[in-house]
Amino acid sequence: MQMNMEMKRKVEDITTHSGKLRCERKASFRNHLKENVNAINNCWTSDRSLHSDFDVHMDISPFKHCIVENFMRDTEYLKELKEELLDLKFSLKRNDLYQFHQSCDLSEVNRPSINSLKQFLVEECCTWLEMATGIKLNNKVSVTCSSYNYSDHLLCHDDRCEDRRIAFILYLSEHWQPDYGGSLELFDTDDSGQPKEVVKTILPMFNTFVFFEVMGKSFHQVAEVGTVDRTRLSVNGWFHGPLSECKDVIPNVRIDIHLFSPIQDDCSLLAHVNPMYLDPEIQEQISSSFEQDSEILLPDFFNKDFYKEICNCLCSGEFSWELQGPPNRRYETPREKTLPLSLNKLVQLMKSKEFFKLLGDLTKLELTPFQNNDTAVLQPRCSYEIQRWQKRFYTLLHDDHMSNEYALDAIIHFNVHNVKQLQGGFISYVARDADEELLTLLPSPNALALTFRDKDTLHFVKYINSVFHGCFHMMQFTYYETSSSSSEEMAENVT
């Protein structure tokens, strides 16, 4: 018993001592960084690159950024920090722009190593960054922990929001390999200031600190993680400060919308559309449901042979496809102006007066010509796009219909037999300036999806991850009511 008590005291002494050592570990960077801060500043302020023997690499292209290897002096501290971070609760973050797991704001966490990191960022790192860049900062630092697992990603964006001045990332994943994905990718910009293409890739190596000035051209993304047994872990956020008087103004991407009036077409609805949807009683049931929900999915919409004909035509190779951009909308559209006969038949059908009238009967929307008091005939309008979708394609939220206009989306998918929801590719409708998802539209074979949206309802196609193989197609028509057609804006691009 006496021996056991003695051993117990020794164990307690060791535990206490190691606990003391653990608490004494602090976040701090190597003295070389402090000693050479002027060299970094000289290059930063004079727009010159720097590749030093003290693990600092600064480039001005495609925008000013700095990579500091072996950033923290004590790697054992980083391992303790990593343990504390992994013990936190992470929440799935997913929208049009990203999918990954994130901790709460670390300002809400009270743990030794995390507290040391927060103190270091505010008291030491902030001052060092001011000296290195000449950018005025305050004591506000936003910091969270991000965990990227298989198929997680962060798409192209510039980080500009409120008073963010410098973005930073401290990587905590050990032995990370290039084929794991998850690299930080930097975009150059075109003459209009829009992102163009990835021109630099930064591997998320353990104990590497990356920072860059948040500005109009600081477009970047985190590539999709492509390994199932590795987690890309980082501490990241922004240093804040007063904004410069000269603000970068990046114009919005203009999406040309070509409007079409209803045409007289020889195609018979009965020869192509399921006869069920031409029955007045069924139309009344559909319109009643649509009036209540503002959306409806109509299965087996086209005759099976006609639908199969379109599916085969889209995969036939009769025409080539062209990638759309810049990188806030990545999908393909037909390159040729003249479409194959089968595809042109479908387009003409959905532009026809008969089809406008059918949609009006199904939705009770004003989709037939109307003569106003001035004897002018007001026409409904439509726009359309044929799209091909593959892995790594997506769109982001943007105003993709005319300002202040109500619109009816009529969307039908083709060749979607191998598409699963977890792979992406679904359409999500959301309210403007809100996180609330109003509707999710999954790709379904031969089903016409009708959705009525107002000016405050936007939609996007979710990023298709690398799990998906092959391609699928989508025909997206947007119809505008007769009462909406009187504006001069709508008349500009009418064909």
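The values are calculated or read from the model by the stated rules, or taken from the named source; none is laboratory data. From a predicted model like this one, the values you see are computed outputs, not experimental measurements. Because the Cβ atoms are built from the backbone with ideal geometry, glycine has one as well, and the counts that use them run over all protein chains shown. Accessible surface areas use protein heavy atoms only, side chains included; no ligands, DNA or RNA. Shrake-Rupley method; radii C 1.70, N 1.55, O 1.52, S 1.80 Å.
Does Ile257 meet the test of being in contact with a His (Cβ under 8 Å, 6 or more places away or on another chain) and outside any helix (DSSP H, G or I)? Judged against the criteria, Ile257 is a match. Restricting the first member to segment 135-162 and to residues that are free of Cβ contacts under 8 Å to residues at least 40 places away in the same chain, and the second to residues that are acidic (Asp, Glu) and open to solvent by 20 Å² or more (accessible area, probe 1.4 Å), the beta-carbon pairs closer than 9 Å and six or more apart or on different chains are Asn139/Glu123. Note on segment 444-485: enclosed strands (runs of 3 or more DSSP E) holding 2 or more residues that are touching a helix residue (DSSP H, G or I) at 6+ places or on another chain (Cβ under 8 Å) are 447-453, 472-480.
The one condition from (1) open to solvent by less than 40 Å² (accessible area, probe 1.4 Å); (2) without any contact (Cβ under 8 Å) to a residue 24 or more places away in the chain that Lys79 does not meet is (1). Considering Asp152, Asp179, Asp163, the condition of being modelled with pLDDT of 95 or more, charged (D, E, K, R) and open to solvent by less than 60 Å² (accessible area, probe 1.4 Å) is satisfied by Asp152 alone. Of the residues making up segment 118-134, at least one is surrounded by fewer than 18 Cβ atoms within 10 Å (Cβ to Cβ) and on the phi > 0 side of the Ramachandran plot. Of the residues examined, Phe393 is not one that is touching a strand residue (DSSP E or B) at 6+ places or on another chain (Cβ under 9 Å) and either open to solvent by 50 Å² or more (accessible area, probe 1.4 Å) or at pLDDT below 95 (or both). Evaluating Lys357 against the criteria (1) more than 21 Å from Ile282 (Cα to Cα); (2) touching a Leu at 6+ places or on another chain (Cβ under 8 Å); (3) charged (D, E, K, R) leaves one unmet condition, (1).
Condition test on Glu405, is it farther than 25 Å from Pro299 by Cβ, charged (D, E, K, R) and over 21 Å from the mean Cα position of the chain (by Cα)? So Glu405 fits the description; yes.
A Cβ distance below 7 Å, combined with a sequence gap of six or more or placement on separate chains, defines the contacts here; from segment 106-121, residues that are aliphatic (A, V, I, L, M) reach residues that are open to solvent by 40 Å² or more (accessible area, probe 1.4 Å) in the pairs Leu106/Lys118. Taking the criterion of being among the acidic types (Asp, Glu) and either over 20 Å from Ile257 (Cα atoms) or outside any strand (DSSP E or B) (or both), the only residue of segment 403-429 that qualifies is Glu405. Pairing residues of segment 277-292 that are farther than 18 Å from Phe355 by Cα and in contact (Cβ under 8 Å) with a residue 60 or more places away in the chain with residues that are of a type outside the set (Ser, Thr, Tyr) and surrounded by 12 or more Cβ atoms within 10 Å (Cβ to Cβ), at Cβ distances under 8 Å and at least 6 apart in sequence or on separate chains, gives Glu291/Lys364.
Out of curiosity, is Asn95 at positive phi and either over 22 Å from the mean Cα position of the chain (by Cα) or touching a residue at least 60 places away in the same chain (Cβ under 8 Å) (or both)? No; evaluated as a whole, the condition is false for this residue.
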